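Worksheet: the structure to be examined is printed underneath.
The values are calculated or read from the model by the stated rules, or taken from the named source; none is laboratory data. All figures in this text were calculated on a predicted structure; none of them were measured in a lab. Here Cβ is always computed from backbone atoms with ideal geometry, including for glycine, and neighbour counts include all displayed protein chains. Just the protein is used for accessible areas: all its heavy atoms, side chains included, with ligands, DNA and RNA removed. Shrake-Rupley method; radii C 1.70, N 1.55, O 1.52, S 1.80 Å.
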Amino acid sequence: MAHPDAALLEELEAARFLAQAGATLAQVVDHEETLERIAALAVPRFADWFGVHVRAEDGAVRRIAVRHQDPVKERAVEELYRRYPPGEGKPYGAMQVIATGEAAFLPLFEAAIGAVQRDAEHGRMLRALGLRSFICVPMRSHGNVVGALTFATAESGRVYGPVQLAAAEDLATRAAIAIENAQLLEALREADRRKDEFLAVLAHELRNPLAPLRNAVGILRARPALAPEGQWVNDMIDRQVSHMARLVDDLLDVSRITRGRIELRRERVALSALVAAALEASQPAIERAGHELVVRLPVDEIWLDADAVRMAQVLGNLLNNAARYTPAGGRIVLTAAREGEAVAIRVEDNGVGIAAGMLDRVFEMFVQVAVSQGRGQGGLGIGLTLVRRLVELHGGTVEAASAGPGQGSVFTVRLPAPAILAHSRPTE
């Protein structure tokens with residue numbers, strides 16, 4: 001006679017199994033890896049045998065996993081599949097469940113062997129597995145059967161009942177959702193990869209015509225008797241080619257970072273040197289707009305372990321961004337100060353400002369702050385993306401702050417700066 005609490009214990013055990021399986025499925029990864037994790041969880045806690053079959057896009061059914069604690073028994077199943085492929089002859093097990101969408105529940109598997117065996121040898125191999133009890137349930141997504149989960153007992157002697165069938169069906173529902181989520185994530189990753197490849201190709205293709213254009217500008221500038229209007233046109237072309245070259249370089253850099261193909265050349269570098277390099281690159285844009293530029297650096301030099309070129313690029317992009325989004329005759333302030341074991345570098349302007357909902361989004365690729373009539377200020381919207389990614393590669397952070405539209409903005413870069421005040425820079 002069964003223990004009076006046996007049914008309750010079965011329900012508790014099934015609930016614990018589902019809770020663990022649910023937590024595993026919630027970790028969205030590659031869908032095959034997700035099912036492998038479930039297989040590892042199912043054996044031996046819920047089954048002695050566990051199998052997963054999925055329907056591919058072409059309609060073919062693929063076996064993803066067959067799990068048993070004993071590798072010898074797993075090889076026996078491989079041999080069974082090799083000699084008697086499930087897709088040939090009368091379908092049974094997972095093939096039948098996927099074809100019909102109906103669960104297969106055999107509390108006593110031995111009784112069903114005669115009905116599914118193809119010949120005496122097939123029956124012998126099935127019996128050699130020692131299966132005692134069997135459940136196979138369909139996985140459905142949007143009404144379509146996308147696969148099947150198989151559970152079986154053998155040497156443990158357990159016999160499945162309605163509680164285990166319900167648990168298996170519940171798990172199949174969760175697994176189908178997890179597979180769908182994982183496939184969507186894989187599709188997004190593939191789209192992102194294709195986007196990165198496109199950006200890399202685009203940047204290279206755009207770069208090709210820039211060299212001859214720049215050479216032509218140099219040839220014209222070398223002519224001694226260039227008319228004033230010709231000089232004006234030549235200078236305009238030079239500015240636009242330089243601007244396009246910067247945009248293309250930014251595209252290339254973003255592409256390299258997203259594909260993990262950028263390496264920092266770290267060295268001990270003075271913060272003042274980084275600022276000077278950034279100012280040299282940004283000064284033309286600031287002067288064209290008639291902005292007032294204020295730079296305040298600490299008297300004691302701050303030394304960083306950084307890629308000098310990349311960090312000058314970061315500061316230059318922030319200064320260019322401030323110049324672009326500040327009306328003519330505005331004010332830009334660059335300050336730096338030590339904050340514990342870090343240095344905080346701030347670029348502040350009194351420009352168009354940023355709405356609260358955009359403060360973090362401005363660092364996303366191709367996102368630009370909208371100004372009057374919903375129009376941006378040109379550019380590709382990748383400068384701040386590059387800033388964030390380069391700063392993060394240096395182990396730092398960057399954040400934007402603004403009181404709102406029309407109230408200016410502040411961008412703060414924080415970088416590790418444990419290195420010491422080696423010497424004092426003369427006060428200017």
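A few notes on this one:
- Restricting the range 299-333 to residues that are open to solvent by 40 Å² or more (accessible area, probe 1.4 Å) and part of a loop (DSSP other than H, G, I, E, B) leaves a set whose member that is nearest to P405 (Cα to Cα) is P327.
- Test: A94 is in contact with a His (Cβ under 6 Å, 6 or more places away or on another chain) and small (G, A, S): yes
- Residue list for the range 148-176, restricted to those being surrounded by fewer than 17 Cβ atoms within 10 Å (Cβ to Cβ), without any contact (Cβ under 8 Å) to a residue 40 or more places away in the chain and over 16 Å from W49 (Cβ atoms): P162, T173
- The residues of the range 263-283 that are open to solvent by less than 60 Å² (accessible area, probe 1.4 Å), part of a helix (DSSP H, G or I) and touching a residue at least 12 places away in the same chain (Cβ under 8 Å), listed by number, are L271, S272, A273, L274, V275, A277, A278, L279, S282.
- A single entry from S372, S409, S402 fulfils the requirement of being out of contact with any Pro (no Cβ under 9 Å at 6 or more places or on another chain), farther than 19 Å from G316 by Cβ and at pLDDT 80 or above: S402.
- Any hit, the range 240-259, residues being over 22 Å from I382 (Cβ atoms), of a type outside the set (D, E) and open to solvent by 30 Å² or more (accessible area, probe 1.4 Å): no
Yes or no, residue by residue, for (1) under 24 Å from R16 (Cβ atoms); (2) in contact with an Asp or Glu (Cβ under 9 Å, 6 or more places away or on another chain):
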residue	(1), (2)
H68	yes, yes
Y81	no, no
P85	no, no
D119	no, no
G143	no, no
V146	no, yes
G161	yes, yes
A178	yes, no
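- Residues in the range 334-347 that are open to solvent by 10 Å² or more (accessible area, probe 1.4 Å) and touching a Lys or Arg at 6+ places or on another chain (Cβ under 8 Å): 4 in all.
- One residue from S133, S141 being at pLDDT below 85, open to solvent by less than 60 Å² (accessible area, probe 1.4 Å) and at negative phi: S141
- Hits in the range 79-115 (condition: surrounded by fewer than 12 Cβ atoms within 10 Å (Cβ to Cβ) and within 19 Å of R132 (Cα to Cα)): A111, G114, A115
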